[in-house]
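*Asks:* Sharing a structure here in structure tokens format.
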Amino acid sequence: MKTGRLEAFSDGVLAIIITVMLLALPVPKGTGFTELWNAVGTALLTYALSFTYVGIYWNNHHHVFQLTSRVTGGVLWANLHLLFWLSLLPLATAWMDYTGFAREPVMSYSAVLLLAALAFVLLQRTIARSEGPDSRMQRALGRDKKGKASLVLYLAGIASAASMNSSGCIRSRHQRRCQCGSRPAFANPR
């Protein structure tokens, strides 16, 4: 099977993910920028962050399939695996914003990003395996230092979120209490 059908399906799913995240943003009730900020607040920032992640995956997905000559059953399933984790991004994004960046939602958001990254690595490896040891994909992957580094950074993000207290403040081993107030300054829960 050629790659066009898989790419079109994936593009559609990614477009829907972005649309769902956008539709989750509240509409301001007034006409001023104050009303806009009061309605949207940090939700716009978390949307922008998640939009960037989806855009990066879309771009990388495009490049991966430029190096792919055929699609096997394993590639189809690996691609669906990636799309599954990315489809959880709207939920993780909304939960993280709604709770004012509380520990468990931030850890969940980071876990979704980690699992999507692992799924992308699996997709790349599945394609490389199906294309053969001297394929363009295998040559492009090389030792894949960036892919490995990103997995380490996602794990560090989860660990960092785990060190937050329930109000979203990072705890130190040397402090008995968090230095910030009961909620982070940028929190805007609805």
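The values are calculated or read from the model by the stated rules, or taken from the named source; none is laboratory data. Remember, it's a predicted structure, so these values are computed and weren't measured experimentally. Quick note on the areas: whole protein, heavy atoms, side chains included, nothing else; ligands and nucleic acids left out. Shrake-Rupley method; radii C 1.70, N 1.55, O 1.52, S 1.80 Å.
*Asks:* Hey, what does the equivalent ellipsoid look like for the chain, semi-axes from the Cα gyration tensor as sqrt of 5 times each eigenvalue, largest first, whole Å? Mind showing how you got there, number by number?
*Replies:* Details: eigenvalues 256, 96, 24 Å².
Calculated on Cα positions only, the semi-axes equal 36, 22, 11 Å.
*Asks:* If you don't mind, another one. Under 10 Å, Cα contacts only: if you run a Gaussian network model on the chain, which one of Glu131, Glu104, Glu35 comes out with the highest mean-square fluctuation?
*Replies:* Result: Glu35 has the largest fluctuation of those listed.
*Asks:* Further question on the same structure: Roughly how tilted is helix 103-131, in degrees to the nearest 10 and between 0 and 90, from the longest Cα axis of the chain?
*Replies:* Tilt of helix 103-131: around 10 degrees.
*Asks:* Sticking with this one: Going by amide H atoms built from the backbone, whose H comes under 5 Å of the H on Met164, apart from near neighbours?
*Replies:* The answer is Arg171.
*Asks:* Just the accessible area per residue of the chain, please: how many Å² with a 1.4 Å probe? Provide the component values of the computation, followed by the final result.
*Replies:* On the way: 11210 Å² over 190 residues.
Roughly 59 Å² per residue, with all protein chains present.
*Asks:* Taking Cα atoms, how many degrees apart are the long axis of helix 73-87 and the longest axis of the chain, rounded to 10 and kept between 0 and 90?
*Replies:* 10
*Asks:* Got a number for carbon plus sulfur as a percent of segment 1-115's accessible area, 1.4 Å probe?
*Replies:* Details: 4400 of 6140 Å².
Here carbon and sulfur together make up 72 percent of the probe-accessible area.
*Asks:* Relative to the present Cα-Cα distance, how much length would full extension add between Lys146 and Gln66 at 0.36 nm per residue of separation?
*Replies:* Numbers: separation 80, 0.36 × 80 = 28.80 nm, distance 1.91 nm.
So the extension gain works out to 26.9 nm.
*Asks:* Continuing with the same structure: How tilted is helix 89-98 with respect to the longest principal axis of the chain? Cα atoms for both, answer in degrees (0 to 90, nearest 10).
*Replies:* 10
*Asks:* Sticking with this one: Rg/Rh for segment 33-143: what does it come to with C-alpha atoms and Rh from Kirkwood? Don't skip to the answer; put the middle values down first.
*Replies:* Values: Rg = 17.2 Å, Rh = 15.5 Å.
When Rh is taken as the Kirkwood radius, the ratio is 1.11.
*Asks:* As an exercise, find the ratio Rg/Rh for segment 1-86 from alpha-carbon atoms, using the Kirkwood inverse-distance average for Rh.
*Replies:* On the way: Rg = 17.0 Å, Rh = 14.8 Å.
Rg/Rh: 1.15.
*Asks:* Using only alpha carbon pairs under 8 Å that are at least six residues apart, calculate the relative contact order of the chain and give it in whole percent. If you can, show how the numbers build up before the last one.
*Replies:* On the way: 209 pairs, mean separation 45.3, N = 190.
That works out to 24 percent.
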